[in-house]
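> Below you will find the structure I want to go over with you.
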Amino acid sequence: MQPFVSQLLKGKVKQLGIKNAENPMDREWKSGMFKEKTSEKVWLSKTNITGDEVADTKVHGGPEKALFAYPVKHYAYWKKDLSLDEIDVGGFGENLAVIGIDEEKTCIGDTYKLGEAIIQVSQPRRPCWKPARRFKVLDLALRIQNSGLTGWYYRVLKEGYIEAGLKMELLKRPYPQWTIAAANDVMYKHKNDAELTAELAACELLALNWKQTLNRRLEGIESVQEKRVFGPNQKSK
């Protein structure tokens, strides 16, 4: 099946939660992950689609994370794993809800024609604490990470209008060995394999932040994931 965009989603930053709530999971927070589907043609720039926002620009958005894609089929897994019927397409803040493609079939550097635009896979998503806050599941980031069902990001090589329903035409696949699944395995499951780490870090089209993390690992410096996966969701020890 040729992959296609089932839904195109965008959203503004929202302020949520209760000020000074006792439970950290109920406290105030900001997020742009509450996306809504649109049937209109939307302009895709080098950094985002028109009308879409991110709350924390230090770790979200920008040229290497212009579009976040997530396979529609994964939500069946999450409904069962979390016993949560309300989790559905758009739940993880994706812009592209895709069908016919997943982490095993997507590679770093894959270049697609999507409507008027040309997009290129830059990196897997590294899940943070915000989906956990949204669905009140403290270890959700770790579950996403360990499942391998992370989704991935695209950079934009050519700006243009895109819309839901578009087929994704593969133009180039320079690194067939570096699927999103394989990259995730290096990052999370093979931390002590210096050879694999070096090979992935040398992948020219891998996003810079992933290269930096991998190169620090080769220097013996392992990034601490606690802040990313739990953040302010848990009480300070």
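The values are calculated or read from the model by the stated rules, or taken from the named source; none is laboratory data. Because the structure is a prediction, the values reported are computed rather than measured. Here Cβ is always computed from backbone atoms with ideal geometry, including for glycine, and neighbour counts include all displayed protein chains. To get the accessible areas, we keep the full protein, side chains included, count just its heavy atoms, and leave off ligands, DNA and RNA. Shrake-Rupley method; radii C 1.70, N 1.55, O 1.52, S 1.80 Å.
> Kindly flag which residue pairs out of LYS136/LYS189; LYS12/LYS79; LYS10/LYS65 have an alpha-carbon separation exceeding 20 Å in this structure.
From the list (LYS136/LYS189; LYS12/LYS79; LYS10/LYS65), the Cα-Cα distance tops 20 Å for LYS136/LYS189; LYS12/LYS79.
> So, R0 is 22 Å and r is the distance between the beta-carbons of TYR188 and LYS37; what FRET efficiency does that work out to, to 0.05?
Values: r = 31 Å, r/R0 = 1.40.
E between TYR188 and LYS37, to the nearest 0.05, is 0.10.
> Within segment 1-58, which trypsin sites (Lys or Arg not before Pro) sit in a loop by DSSP and count at most 11 neighbouring Cβ atoms inside 10 Å?
Answer by residue number: LYS19, LYS58.
> Once you put a point 7 Å from the Cα of TYR161 and another 7 Å from the Cα of LEU208, both along the Cβ direction, what distance in nm separates them?
Calculated label separation equals 3.3 nm.
> Moving on. For ARG216, ARG134, write out the residues from largest to smallest accessible area, computed with a 1.4 angstrom probe and no ligands counted. Please report the intermediate quantities before stating the final value.
Working: ARG216 95, ARG134 65 Å².
Per-residue accessible area, sorted high to low, gives ARG216, ARG134.
> List the pairs from LYS37/LYS172; LYS19/LYS73; LYS80/LYS235 whose alpha-carbon separation is above 32 Å, in the order I gave them. Don't jump to the answer; show the numbers that get you there.
Numbers: LYS37/LYS172 28 Å; LYS19/LYS73 36 Å; LYS80/LYS235 28 Å.
Violating the 32 Å Cα-Cα cut-off are LYS19/LYS73.
> OK, next. Put +1 on the Cβ of every Lys and Arg and -1 on every Asp and Glu Cβ in segment 62-121; which of GLY90, ALA69, ALA117 then has its Cα farthest towards the positive end of the dipole?
In segment 62-121, that residue is ALA117.
> If you restrict to DSSP beta bridges whose two residues both lie in the chain, what percentage is antiparallel, to the nearest 5?
90
> Can I ask one more? Within 12 Å, Cβ to Cβ, of THR197, how many net charges do the neighbouring residues add up to if Lys/Arg are +1 and Asp/Glu are -1?
Neighbour charge sum, excluding THR197 itself: -1.
> Run the dipole for the chain about the Cα centre, Lys and Arg Cβ at +1, Asp and Glu Cβ at -1, nothing else charged, and hand back the magnitude in debye, nearest 20.
So the dipole magnitude of the chain works out to roughly 540 debye.
> Under 17 Å from a label point 7 Å along Cα→Cβ of ASP139: give me every residue in segment 83-103 with its amide N that close.
Zone members listed by number: 83-84.
> I've got another one for you. Once you place label points 7 Å from the Cα toward the Cβ at LEU170 and GLU222, how far apart are they in nm?
3.4
> Looking at segment 1-106, what % of its DSSP beta bridges pair antiparallel, to the nearest 5?
75
> Excluding PRO174 itself, what net charge comes from residues whose Cβ is under 9 Å from its Cβ, given Lys and Arg +1 and Asp and Glu -1?
Its environment carries a net charge of 0.
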